[in-house]
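No lab work stands behind these numbers, since they all come straight from the coordinates. In this text the structure is predicted, and so the values were computed from the model without any measurement. Glycine gets a Cβ as well: all are built from the backbone with ideal geometry, and neighbour counts include every protein chain shown.
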Amino acid sequence: MPAVPLHLSGHPDIALSADCGNCFALCCSALGFERSTDFAHDKPAGQACRNLAADFSCTIHARLRGEGYRGCTVFDCFGAGQHVAQDLFGGRSWTEHPEVRAPMFAAFPIVRQLHEVLWYLDEARHLCRSSPAVGDSAAAGVASLTEETVGLTRLEPARLDAVDLAELRERVGEALKDVSVAVRSAAGGRGVPRRLVPGADLLGADLAGRVLQGANLRGAYLIAADLTGADLRWVDLLGADLRDARLQGADLSRALFLTPMQVAAASGDSRTRLPERIQPPAHWQG
């Protein structure tokens, strides 16, 4: 969680960072996971994790990665947990009020996606205001989508099933693309290798020390890529897979559409420069 809680611009009541003390551990109960390198055991959706205590704390929180739960240290709800628990369900826990369990568990993954969309739109709005290259039409589109998504987060839980998340994400993706093109074009980006394109397979690629400024790596596979000391300013990283990517000394201070989950899935150190609203993960060393 950021040192200072993040809120959606213009909407101080909408948090974009998790408050784990006020969400009844929805990520540990409503969501499911399969045994893998990220999780030590299978857990179906709607079943509380075996490590969850009665007060909704984690009994192995201090040693999650060592116990095989790396995925728990990467996940981020973008503030959806406390919104569902406290706002949509009035602070009623699913243990003390069993009747809210099913609708609360159903609402959480939907609202979580909506809050992730707001995370991207909030960044886009800041870019629209700070970059003269972004046109008025693109800025208006981002503002409209933001208000639309805010409205969806405030729907009654029973109406959330009707939200077409795929359609919303498609429209938001196009709006973010327009902003990205304008910002990256203004930033330059000359000399970026031709293979650095959206969706590129860069598994284990050696990009250490490279100046990638202005590249479009949206949806690229950067798993275990060496980005040590690389210049990733104004690089579009929307949806890029950064699992185990080496970011030591890299400059991501102005990377576009980067999330805390992507950062937490990678490795970095005290020299790694991140956007102001993303704090270095606790498990980073050095």
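Annotations for the structure displayed:
- Sole residue being closer than 21 Å to residue 87 by Cα and exposed (fewer than 13 other Cβ atoms within 10 Å of the Cβ), chosen from 42, 19, 55: 55
- In the set (1) farther than 26 Å from residue 234 by Cα; (2) surrounded by 17 or more Cβ atoms within 10 Å (Cβ to Cβ); (3) out of contact with any strand residue (DSSP E or B) (no Cβ under 8 Å at 6 or more places or on another chain), the condition left unmet by residue 156 is number (2).
- Qualifying residue in segment 124-140 (condition: touching a residue at least 40 places away in the same chain (Cβ under 8 Å), in contact with a Gly (Cβ under 6 Å, 6 or more places away or on another chain) and part of a helix (DSSP H, G or I)): no
- Residue check for residue 116: without any contact (Cβ under 8 Å) to a residue 60 or more places away in the chain and charged (D, E, K, R): no
- Of all residues in segment 76-109 being aromatic (Phe, Trp, Tyr) and in a loop (DSSP other than H, G, I, E, B), the one that is surrounded by the fewest Cβ atoms within 10 Å (Cβ to Cβ): 89
- Options 233, 271, 195; residue that is part of a loop (DSSP other than H, G, I, E, B) and free of Cβ contacts under 8 Å to residues at least 12 places away in the same chain: 195
- Only one entry in 17, 36, 29 is touching a residue at least 12 places away in the same chain (Cβ under 8 Å), among the hydroxyl-bearing types (Ser, Thr, Tyr) and closer than 30 Å to residue 145 by Cβ, namely 17.
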